[in-house]
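Report on the structure given below.
The values are calculated or read from the model by the stated rules, or taken from the named source; none is laboratory data. These numbers come from a predicted model, not from an experiment. Here the Cβ is made from the backbone with ideal geometry for all residues, glycine too, and neighbour counts use every protein chain on show. Each accessible area value is taken on the protein alone, full model and side chains, heavy atoms only, with ligands, DNA and RNA left out. Shrake-Rupley method; radii C 1.70, N 1.55, O 1.52, S 1.80 Å.
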Amino acid sequence: MTDPLSCSTQLTSASGVLSGPHSGEARVLTEAQAGPLYRVVGYPLFISCNVSGFANADAKQEFEYRITKPANPNIEINIISTTDQTFGYAMYSQRVRKKEITLTNMSSTSVIFKIDSLQKSDEGEFDCTAINSEDRFDGTYSAKTTVKVIDNSLSVSSPASASLSYNEGDALTLTCQASSNTVQHTHLSLAWYLHKDSEDEAQPIISVNRDFTLSPGRGFEERYQAGLIRLDKIGEATYKLKMAQLELSDQGRIYCQAQEWIQDPDRSWYSIVQKAAEKSTLTVVPDTSSLVVRILAQPTTLQEGQELSLSCTIDAQNLREKFFSVAWLKESVELARIGPSGIVSVGPEYSVRAKEGELRLDEVTPSDSGVYQCTVSEWKINSKTNSQSQTAAVTVTPAGKICLRLSILNPSASSRYAVTWHLQQKAENKTIISSNRDALITFEHVEPSQRQRINMKRSEGPSFELNIGQAQMSDRGTYICEVVEWLQDPRGDWIQLSTVSKSTTLTVIDKVLKPTIKKAVGLTPSQQMTSCFIN
């Protein structure tokens, strides 16, 4: 209800608008709220009245209220006075004694006349009279307000049952019918309320005012902004509430309430009647399925070039009866998604393969380090009912590069060289890569998948360089470079002049490959081998 004590009102006097004392006109002016006021039977009536122009402006003024009714417009009936408790006639005295009708001073020169519950017989013209406190009459001492008492034609109902039970996360849809047959031009506002057991008063969930503006209630703002709470008007009289995901805190008595508004002559809007539908008790059952998401990164620490596998597992009751979507994200960037229908979509940022909730990144680089998130959402029809996320941190360390170089000092201009690199691990000696005197490269004892990270190149000098990228623990051991010098005789045939070997040992310290040069006996000064390790 609008508080009439705080609303601004237009006032009228019995003799119309009078000019001030400086114009030579009367100085006392009594004004009351302009009518006609249309009010509903059974609801309150408030009329404000004030007086000005008395010589002692600070003196408290006394007031009286009377009524003339349409059936007998010439007969004034006393209702109430601020000075005389016996002022009212019999038909009003009992209501005055019970304080169902009051006249309250708001200031020394103004009062509020109130009837708690209007009766049909209260219709008429109300007269507010300011009692003259001076020894002469000079001005207007009374003002009239016409009041029309109309029937309550507001109808509000909801087809919801008296008891409602939903699971946590379920969607709730309720409808409310609100209409009025008032002859006068009125507007309706409507709100859905929730009265929680732990609170003294009901709180609005969402409302639409008389100007059709939607407003969420306190505590429901975020869900409204997220589109989880809606209020739609369907047709002329139906208002539909939709709460997409019920929370445990939504439990309580839920109902709709409408208010009917009329515009008074002073252009202000006044709520003449309000009515609520029957309340429904809403019970929200906790979701015992408790969707649990677990993420597993294998491994969590890996070297550049290795494969990263991320898996996401879901635990929930009745798993086969539910639909889920799985999204993989790395620092807010979506990598891949599996929709509730099983359709896989891959983000443009990474080259990935997603299968059955598993994400694989081939040949990771240090830029793949970071926090990966698996978000699982449960779906019912077209709405998301639950969502859980888990994260895992992954660290990718840069891979070391093995660089071993053998240089030929003071080479013969007519000689050619065949070079073979061997790796000795424990008692096993295996050939890795060879280059014959015609510079033809061949691999031995190297898996095809590993050959792309191993190469040998020849440079001026000449020198022969072995490069192994993405160094791994399995690359440790003693590397032996075997060089065969070939010389072409005058007939064009190629008498192998000598074979020489040099070696270097790569060891592991704190899980990082480090080279250690190991001298070999029986080497001639014309060959030299150096090693480098780039981490």
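Mind checking which residues of the stretch 192-220 are aromatic (Phe, Trp, Tyr) and open to solvent by 70 Å² or more (accessible area, probe 1.4 Å)? Within the stretch 192-220, PHE212 is the sole residue that qualifies. Exactly one residue out of THR375, THR385 is modelled with pLDDT of 85 or more, closer than 21 Å to ALA244 by Cβ and either buried (at least 16 other Cβ atoms within 10 Å of the Cβ) or touching a Phe, Trp or Tyr at 6+ places or on another chain (Cβ under 6 Å) (or both), and it is THR375.
The residues of the stretch 265-286 include none that are open to solvent by less than 50 Å² (accessible area, probe 1.4 Å) and modelled with pLDDT under 85. Number of residues in the stretch 113-139 that are crowded, with 18+ Cβ neighbours inside 10 Å, modelled with pLDDT of 95 or more and not charged (D, E, K, R): the value is 8. Counting the residues of the stretch 471-486 that are touching a Leu at 6+ places or on another chain (Cβ under 6 Å) and open to solvent by 50 Å² or more (accessible area, probe 1.4 Å) gives 1.
Close Cβ contacts (under 8 Å, 6 or more residues apart or on different chains) running from residues in the stretch 347-372 that are under 13 Å from TRP328 (Cβ atoms) to residues that are at pLDDT 80 or above and loosely packed, with under 12 Cβ neighbours inside 10 Å comprise GLY370/GLU331; GLY370/ALA393; VAL371/GLU331; VAL371/ALA393; TYR372/ALA393. For GLN472, the criteria (1) touching a strand residue (DSSP E or B) at 6+ places or on another chain (Cβ under 8 Å); (2) within 16 Å of HIS422 (Cα to Cα) hold in every case but one, which is (2). Every condition in (1) at pLDDT 95 or above; (2) in a strand (DSSP E or B) holds for VAL293 except the one numbered (1). Any idea which residue in the stretch 203-219 is nearest to ILE254 (Cα to Cα), counting only those that are of a type in the set (A, V, I, L, M, F, W, C) and modelled with pLDDT of 95 or more? Looking at residues that are of a type in the set (A, V, I, L, M, F, W, C) and modelled with pLDDT of 95 or more, I get ILE205. Considering the stretch 221-237, and only residues there that are in a strand (DSSP E or B) and open to solvent by 30 Å² or more (accessible area, probe 1.4 Å), the residue that is farthest from PRO159 (Cα to Cα) turns out to be ARG230.
The set of residues in the stretch 54-88 that are in contact with a Gly (Cβ under 8 Å, 6 or more places away or on another chain), over 13 Å from THR104 (Cα atoms) and part of a strand (DSSP E or B) comprises ILE67, THR68, LYS69, ASN78, ILE79. Among the residues of the stretch 238-253, those that are open to solvent by 10 Å² or more (accessible area, probe 1.4 Å) and not in a strand (DSSP E or B) comprise ALA244, GLN245, GLU247, LEU248, SER249, GLN251.
The single condition among (1) of a type in the set (A, V, I, L, M, F, W, C); (2) over 24 Å from CYS176 (Cα atoms); (3) in contact with a Lys or Arg (Cβ under 9 Å, 6 or more places away or on another chain) that LEU241 does not satisfy is (2).
Of the residues screened, GLN424 is one that is out of contact with any Asp or Glu (no Cβ under 9 Å at 6 or more places or on another chain), among the polar types (S, T, N, Q), modelled with pLDDT of 85 or more and farther than 27 Å from GLY492 by Cα.
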